[in-house]
Amino acid sequence: MATTVFIPTPLRPFTDQQATVQVAGSNVGEVLQNLVAVHPELKNHLYNAENKLRSFVNVYVNDEDIRYLKKEQTAVGAGDTVSIVPSVAGGSPSGDPAAPELNNDEVRRYSRHLIMPEVGVAGQRKLKQARVLCIGAGGLGSPASLYLAAAGVGTLGLIDFDAVDFSNLQRQVLFSTADVGRSKIKAAAERLRGLNPNLRIIEHETALTSANALDIFRDYDVILDGTDNFPTRYLTNDACVLLGKPNVYGSIFRFDGQVSIFATKGGPCYRCLYPEPPPPGLVPSCAEGGVLGVLPGVVGTIQATEAIKLILGAGDPLIGRLLLFDALDMTFRTLKLQRDPDCPVCGDHPTVTKLIDYEQFCGITPQVKAADAGAVSPDLEISVTDLKQRLDAGDIWLLDVREPREAEITKIEGSTLIPLGELPKRLDEIPTDRDVAVHCKSGVRSAKAVNLLREKGFTRVRNVRGGILEWNARLDPDQPTY
Ligand SMILES: [Zn+2]
């Protein structure tokens, strides 16, 4: 007994343009298997590599979604209809008549897209119509924004308030050596306009805060999270959930990357994955722990890929899946993620219904913030020239809390190396019968060490102001800086 299967417009090229197909089978699974047996090109669009129905393909029997019936075991008989309803994030794949036309320059520029069935003129017009916001113009924002601009995403927003630092150039490919010291937003906008003058580049030269996030996000279709700190990550997530904007998440550390898409309708959010932030100081930042320069290139480019797929409504987006990339093993793994019905922001009974204080949420108290900024009270500091005198006199003990790799680059003669992360369990190595000076690269980590040691009862510790960078600049200019 044949069942009528309704084929949606984007899939009709694979059924010889037929809107309905008569297929035999006693349940939905059999009907769909028989359908792809007759029209094998459909298979890729309906099934994934594990031969499971793709997550964005919804199937209805008459007017009921089979997820709430017996899924693919749902029985069908004479007179029943089966409808295939692919979800499309960016509007209808057949094209949005409101999307702007392409000019001749754009037709030439995007010709490699226009000949692809998954993009075509309709898809390229959707890209032109689309508005994507990159949070951060750093390691992830650099490759992501370059590829989004090259691909023709018509409105590209960037939010950042930093200046380009020399140590950014190892991975932040938006910037050139001549940009060091310039505003990141200005340098990035110039580079992106040079790459593609057809675009509208919007410069948000500000810190993202609970006060401005909703207003900034509101004008965009897709948010790309390229942040490097937990408060902004939770803020970005919550703002996306509250506004219903997809959050293309990426994160990097040393050789490891993560990518997913959060905050889509019915999909999980970042808080479903990580309900609580780690305590401050537990997870080192890239500035402290390092990052392989090319890693954000891989992760940011995957984020750009997912953003473009969302706009086109093409393929199988990383919704409900966490992609883990290990550059050392060169492996990609995907873990399944589900929306947590008890999630405080996207769950069934949310407790977070407006943006909160994310620094407080992440445990960043004014004391932690001061220590993060390298602040200890001035009487607990020692200048590099005083330190030199005391070291020459042999009446002070010098502790270096940097990582061993940094000490290989440059170190102060006579110092003892205990990386900040190991300090809590190596307190017995710190002398209590004499003055102790603590240094790191620039004075931030050593300020944390001084605060930690004083909490533990070491009263004779001081922070070396400006760290080894200051020491080398003033006293040992032949030493390298890093
Ligand atoms: Zn959630």
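Throughout, read-outs are computed from the coordinates displayed, never taken from laboratory work. Model, not experiment: these values are computed from the prediction. Heads up, the Cβs are rebuilt from the backbone with ideal geometry, glycines too, and the neighbour counts pull from every protein chain shown.
Some notes on this structure:
- Note on the chain: Kirkwood radius taken over Cα pairs, Stokes-Einstein applied at 37 °C and 0.692 mPa s, translational D equal to 128 µm² s⁻¹.
- Proximal charge balance of F361 [Cβ under 10 Å; K/R count +1, D/E count -1]: -4
- From most to least packed by mean Cβ count within 10 Å, the peptides 257-263, 327-333 give 257-263, 327-333.
- Segment D80-H349, length gained on full extension (0.36 nm per residue, minus Cα span): 93.1 nm
- Projecting the Cα atoms of L398, Y220, N198 onto the charge dipole of the chain (Cβ charges, centred on the Cα centre) puts N198 farthest toward the positive pole.
- Cross-link pairs exceeding 22 Å in C-alpha to C-alpha distance, out of K184/K354; K43/K245; K309/K336; K186/K448; K128/K309; K52/K336, comprise K184/K354; K43/K245; K186/K448.
- Descending principal axes extents, region 368-475, alpha-carbon based, whole Å: 31, 28, 26
- In this simple spin-label model, placing a label point 7 Å from the Cα along the Cα-to-Cβ direction at both E190 and A150 gives a separation of 2.2 nm.
- When you filter the trypsin sites (Lys or Arg not before Pro) in region 11-81 for DSSP loop state and at most 12 other Cβ atoms inside 10 Å of their Cβ, you are left with K52.
- Remark: C343, C240 ranked as C343, C240, counting other beta-carbon atoms within 10 Å and listing the fewest first.
- Highest average packing first - 172-185, 152-165, Cβ atoms within 10 Å: 152-165, 172-185
- Residues listed by number, region 320-363, amide nitrogen under 17 Å from R218 label point at 7 Å toward C-beta: 354-356
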